[in-house]
Amino acid sequence: MRQMLNVLFVTKPEVYMGLQGETIVVREDNKTIARYPLHNLEGIVCFSNLGASPALMEKCVQNNISICFLTPTGRFRARVIGETRGNVLLRKKQYRVSDMEERCLDISRNFIIGKIYNEKWQLERYIRQYSLRVPVEEMKLASGRLSKYLTEITESENLDQLRGYEGMAQTVYFGSFDPMILNQKSDFFFHGRNKRPPEDRVNSLLSFAYTLLTNDIATALETVGLDPYVGFMHQDRPGRASLASDLIEELRAPIADRFVLSLINRKQLKSNDFEINENHSVYITDSARRTFINAWQKNKQEQITHPYLNEKIPWGLVPYAQALLLARYIRGDVDQYPPFFWK
Amino acid sequence: MYILITYDINVTSTSGQSRLRRVAKICENYGQRVQNSVFECRLNEAELLKVKKQLLEVINMDMDSLRFYRLGDNYDKKVQHMGAKKTYKFDDAFIV
């Protein structure tokens, strides 16, 4: 398994990234404020408005270091990708599969099974661990309904039906999301998912976590030679990493949702870590973003045993492991894509 | 694996000055400068060989010296920093 390297987050809005030898140099007002050797990095996530030098971009592309640009508020702007290399045969096969409704359904079904299974598990964990603090009956009911959807999904006959079940399962799961917020309940609440812009603190945290996760997944897909822009369940649309959107489904609950809930419940973020704008959009402040990212990276280093590979890997490599399995499935080495079942 | 690289370059001659600059430049490519001629690096075996080779091509074996310390994988417990010159930890998130 690949080694997990560091990701550099550039959160200051007015800094410029350049290349010097084999190191990235971060400058603010023409003063070097940081430098890191590139061989320790696997990605750069940049919230700055000034950007990076072409020389740095070239070096990163050559060394498989992803660069992703976000707006200072964390909305996705662009990703840098170089010359498309790697396994042409694999990619061609991926395109063919994406055109076959039947195969798309097979694989999408597994994405969604993984997703609902993990959401159910998220609920079950809270029921078990905090039986005195959550409405157990209500959540048990939700978990039971998710189980029902799981069996129904295996019988779904087309993508639309599948999407329908997914939507219903999503409503059930998010209906039980608010009870999992155990602390700071007056400031952190969840009455439904909203985005662009997020209208409450929890939604803004979820959006930010999903952005980071999508980026990790797109990078992982590219590393194994798949095209992140050609999906099976999400329709192709220019500029959308559809395959990354497919793959994130099964990883939302165990990686992003769990992370956001623990940030709130451990009180690592407080109500004043957010800015509320006139249009009711809510964003985290710069200093809180550092707390968020630090915890996010720490979380990635925690070890789990991958349920399918039976190997101990850090959480941060789970997207990579799944991308690898997906490539194997597309190549025909395994007859089903094994989704990530959280244990 | 964590490696500490230290060097002493004899700078009495002008060629010494240029060797010093070149050595520093190579080290900066592989790790972080923690003191004037001390670098901490996270390297694998291949990368370590690469730095060694590059440095050996530059230094003058009669006048300069190089030292490599292997700190193993558990870097945190072995290094303590006090005073000025803040450094970053390789395992922490890199945030600017």
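The values are calculated or read from the model by the stated rules, or taken from the named source; none is laboratory data. Predicted model, so just to flag it, every value in this text is computed and none were measured. Backbone-built Cβ (ideal geometry, glycine too); neighbour counts: all protein chains shown. Keep in mind that these areas ignore ligands, DNA and RNA; they rest on the heavy atoms of the full protein, side chains included. Shrake-Rupley method; radii C 1.70, N 1.55, O 1.52, S 1.80 Å.
Data for the structure
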quantity	calculated
Hits in region A:162-198 - residues which are open to solvent by 70 Å² or more (accessible area, probe 1.4 Å) and polar (S, T, N, Q)	A:Thr171, A:Ser186
Residue satisfying condition, being surrounded by fewer than 21 Cβ atoms within 10 Å (Cβ to Cβ), away from chain B (no Cβ under 14 Å), not in a strand (DSSP E or B) and not polar (S, T, N, Q), within set A:Met4, A:Met57	A:Met57
Qualifying residue in region A:102-113 (condition: closer than 30 Å to A:Glu14 by Cα and within 17 Å of the chain's Cα centre (by Cα))	no
Filter result (part of a strand (DSSP E or B) and in contact with a strand residue (DSSP E or B) (Cβ under 6 Å, 6 or more places away or on another chain)) within region A:39-54	A:Leu41, A:Gly43, A:Ile44, A:Val45, A:Cys46, A:Ala52
Single condition B:Lys77 does not satisfy, out of (1) without any contact (Cβ under 8 Å) to a residue 60 or more places away in the chain; (2) within 12 Å of another protein chain (Cβ to nearest Cβ)	(2)
Candidates A:Leu146, A:Leu162, A:Leu141 - the one that is out of contact with any His (no Cβ under 9 Å at 6 or more places or on another chain), among the hydrophobic types (A, V, I, L, M, F, W, C) and in contact (Cβ under 8 Å) with a residue 40 or more places away in the chain	A:Leu162
Which listed residue, of B:Leu56, B:Leu49, is within 14 Å of chain A (Cβ to nearest Cβ) and free of Cβ contacts under 8 Å to residues at least 60 places away in the same chain	B:Leu49
A:Arg109 touching a residue at least 24 places away in the same chain (Cβ under 8 Å) and among the charged types (D, E, K, R)	yes
Any hit, region A:17-38, residues being open to solvent by less than 80 Å² (accessible area, probe 1.4 Å), within 14 Å of chain B (Cβ to nearest Cβ) and in a helix (DSSP H, G or I)	yes
Verdict on A:Thr211 being under 30 Å from A:Met100 (Cβ atoms), among the β-branched types (Val, Ile, Thr), out of contact with any Asp or Glu (no Cβ under 8 Å at 6 or more places or on another chain) and surrounded by fewer than 23 Cβ atoms within 10 Å (Cβ to Cβ)	no
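So that you can scan it fast, the table gives a plain yes or no per residue for (1) surrounded by fewer than 13 Cβ atoms within 10 Å (Cβ to Cβ); (2) modelled with pLDDT of 90 or more:
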position	(1), (2)
B:Gly16	no, no
B:Ala24	no, yes
B:Cys41	no, yes
B:Lys50	no, yes
B:Leu56	yes, yes
B:Ser65	yes, yes
